[in-house]
Amino acid sequence: SRRKFIVSSAVAGSGLSIVIGRHVLRQAALDESVHRVGIYASAVMSYVESARWLLTTTAELPQLRTVAGSREVAALVLAHAGVFEYLMLLTPDGTLTMLEPRALEQGLSHRDLPFNARFGEVRRTNRTIVSDLHISAATQRPTVVIATPVHAADGRMLGVWAGALKLGEISEIGSVASSRSVPRGWGYVTDRHGLIIAHQTRPHFVENQTDFS
């Protein structure tokens with residue numbers, strides 16, 4: 001009986017150790033996942049905020065008050081910053097006046113852009129906005145646009161200065177090659193409606209407008 005008691009206790013003790021061990025492993029994995037999500041979110045926000053800062057800063061330049069001047073600024077930004085696929089200047093109601101690169105502008109069938117409701121929000125709020133995922137009239141691909149007001153010296157709104165983010169660059173943030181021997185996680189970003197705008201391992205989800213809502 002004594003031997004049976006000892007054996008039973010040992011088995012019970014081993015079982016308890018296994019349960020505790022699994023709990024610790026699960027908690028460690030959860031903590032690591034939360035940490036990785038925080039790092040990924042910070043990197044994505046840094047990317048978007050740098051694009052927002054660049055747009056709002058250049059919107060204050062006097063060159064943006066003319067089409068020729070705005071095109072010059074746009075060309076410089078595209079040449080030296082890798083966050084935008086294209087830049088455009090619009091009237092407050094969303095009618096295009098300039099798009100750079102010029103080749104994209106020449107390919108447009110109309111200048112009244114279909115997502116000008118978002119630019120209407122800029123006009124109503126007089127603030128910078130980040131759009132949801134939509135199909136670009138310029139590239140015919142999914143895009144997300146940052147738009148900010150352009151003001152005259154007396155404070156009047158002259159137009160909207162907008163840039164389309166390079167979504168492929170956001171998908172590549174923190175992404176590493178997968179390995180069969182080492183399990184790994186991955187991150188993704190959606191707009192407020194649940195449409196994928198960046199995915200670390202399946203960037204084609206963006207092109208397909210995959211809905212994770």
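The values are calculated or read from the model by the stated rules, or taken from the named source; none is laboratory data. If you're wondering where the values come from, they're calculated on a predicted model, not measured in any experiment. Cβ coordinates were reconstructed from backbone atoms using ideal geometry, including for glycine residues, and neighbour counts include every protein chain displayed. With ligands, DNA and RNA removed, areas are computed over all heavy atoms of the protein, side chains included. Shrake-Rupley method; radii C 1.70, N 1.55, O 1.52, S 1.80 Å.
Details
- Low-density loop positions, trypsin sites (Lys or Arg not before Pro), the stretch 34-142 - DSSP coil, at most 16 other Cβ in 10 Å: R111, R127
- Take the Cβ atoms of A103 and R124, set R0 to 30 Å, and the FRET efficiency comes out at 0.40.
- Two-site FRET efficiency, E172 against A152, from Cβ-Cβ distance with R₀ of 45 Å, rounded to 0.05: 0.70
- Over the C-alpha atoms of the stretch 136-175, the Rg to Rh ratio, Rh being the Kirkwood estimate, stands at 1.19.
- Equivalent ellipsoid semi-axes, the stretch 31-125, via Cα gyration tensor eigenvalues times 5, rooted, Å: 29, 16, 14
- Candidate residues H204, H199, H35: accessible-area rank, largest first, probe 1.4 Å: H35, H204, H199
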